[in-house]
1. Counting only residues that are within 15 Å of the ligand (Cβ to nearest atom) and touching a residue at least 40 places away in the same chain (Cβ under 8 Å), give me the strands (runs of 3 or more DSSP E) lying completely in the range 178-260 with at least 1 of them.
2. Criterion first (at pLDDT 95 or above, part of a loop (DSSP other than H, G, I, E, B) and within 16 Å of the ligand (Cβ to nearest atom)) does Q299 satisfy it?
3. Which pairs turn up if I take residues in the range 121-148 that are within 18 Å of R6 (Cβ to Cβ) and look for partners that are acidic (D, E) and surrounded by 24 or more Cβ atoms within 10 Å (Cβ to Cβ) with beta carbon separation below 7 Å, at least 6 apart in sequence or on another chain?
4. Scan the range 29-84 for residues that are touching a helix residue (DSSP H, G or I) at 6+ places or on another chain (Cβ under 8 Å) and among the acidic types (D, E) and jot them down.
5. Only one of A88, A76, A40, A98 is more than 16 Å from the ligand (Cβ to nearest atom) and surrounded by 17 or more Cβ atoms within 10 Å (Cβ to Cβ); which?
6. Restricting attention to the range 63-87, which residues are in contact with a Pro (Cβ under 8 Å, 6 or more places away or on another chain) and among the aliphatic types (A, V, I, L, M)?
7. Kindly indicate whether any position in the range 218-239 is closer than 23 Å to I281 by Cα, surrounded by fewer than 22 Cβ atoms within 10 Å (Cβ to Cβ), among the acidic types (D, E) and touching a strand residue (DSSP E or B) at 6+ places or on another chain (Cβ under 6 Å).
Amino acid sequence: MTGTLRHFLADDDLTPAEQATALDLAAALKAEPYRLKPFAGPQSVAVLFDKPTLRTQASFAAGVAELGGFPMVVDARLAGVGVRESVADVARVLGRQASAVVWRTFAQADLETMAAHAGVPVVNALTDDFHPCQILADLLTVREHRGRLAGQTLAYVGDGANNMAASYLLGGATAGLHVRVGAPAGFQPLADVVARAAAVAATTGGSVAVLDDPVAAVAGADVVATDTWVSMGQEGDGVDRTAVFRPYSLTAALLAHAAPDALVLHCLPAYRGQEIDAAVIDGPQSVVWDEAENRRHVQKAVLVLLAGWAAGEDA
Ligand code: NVA
């Protein structure tokens, strides 16, 4: 490898300029899907899942194929990543077979170990901490509908302690958004994530705020987002989230506090009647199907950029 080995493990692994480049490239690839053949070495991209998936597997498989590559989908539980073999050994093996490794898993630290040993770019396909590919898709969707990102206010309501909230803070701040998280005490973002996002926002003209009042969070917002109250891996933890999150449910009444033409985002899967009402997710302000499609385009852009940097086409 003659270039710079880079990874996409968290939203702020891309600078604001690089994020804008990724979104531009994603838009170009959306218009012309088969334009680029970026893989200089092995044509496979290893795609591993420790958690359930629909959009991520489908969009990476379709996207890698459109880039002329082969999506080598590996069931991480069957392979026993970190169980049957150490994460580092798995990384060393996959890095000899594939041009990049994409992994959905639990611990961010395990993803970092994969990145430290793979010798090829590693992409976060969701961890407990971050879901950066999803936020890029959300940003592309907002940009398509609004024509711009910087200066828009994005309100996220619900579980502020999950991966989506953290990625909205970091990725949104990178795009110059004003990001507001409305979440109850005990389910608010980690202070270090908020501080990290605030530091980025200071360079982009964006801002970040954490509130416990859902109405204040949503008031006048240009974009309103929510996510499941029970993230993958939390299903059996015995915590009753329904009562505490109910006031943060994205109902038509809560959405009415946003700008009249506010866009509605949800990364899916959605639980209608819980974190979002059917009338909202299936209503005229919802852009969730564009959001789901855009996973493919932004992930292709990330793979192209990482492959290019690894090959020496430094940004
Ligand atoms: N917070 C959710 C996102 C699903 C795409 C989870 O981790 O399950």
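The values are calculated or read from the model by the stated rules, or taken from the named source; none is laboratory data. For clarity, every value in this text was computed on a predicted model and none was experimentally measured. Cβ coordinates were reconstructed from backbone atoms using ideal geometry, including for glycine residues, and neighbour counts include every protein chain displayed.
1. Working: elements: 178-182, 207-211, 223-226.
In the range 178-260, the matching strands (runs of 3 or more DSSP E) lie at 223-226.
2. no
3. F130/D11; P132/D11; I135/D11
4. D50, E66
5. One residue alone meets the criteria, A98.
6. V64, A65, L67
7. yes
Rundown of residues vs (1) surrounded by fewer than 23 Cβ atoms within 10 Å (Cβ to Cβ); (2) in contact with a Leu (Cβ under 6 Å, 6 or more places away or on another chain); (3) not in a helix (DSSP H, G or I), yes/no style:
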| site | (1), (2), (3) |
| --- | --- |
| G63 | no, no, no |
| V83 | yes, no, yes |
| V93 | yes, no, no |
| V102 | no, no, yes |
| L136 | no, no, no |
| G171 | no, no, no |
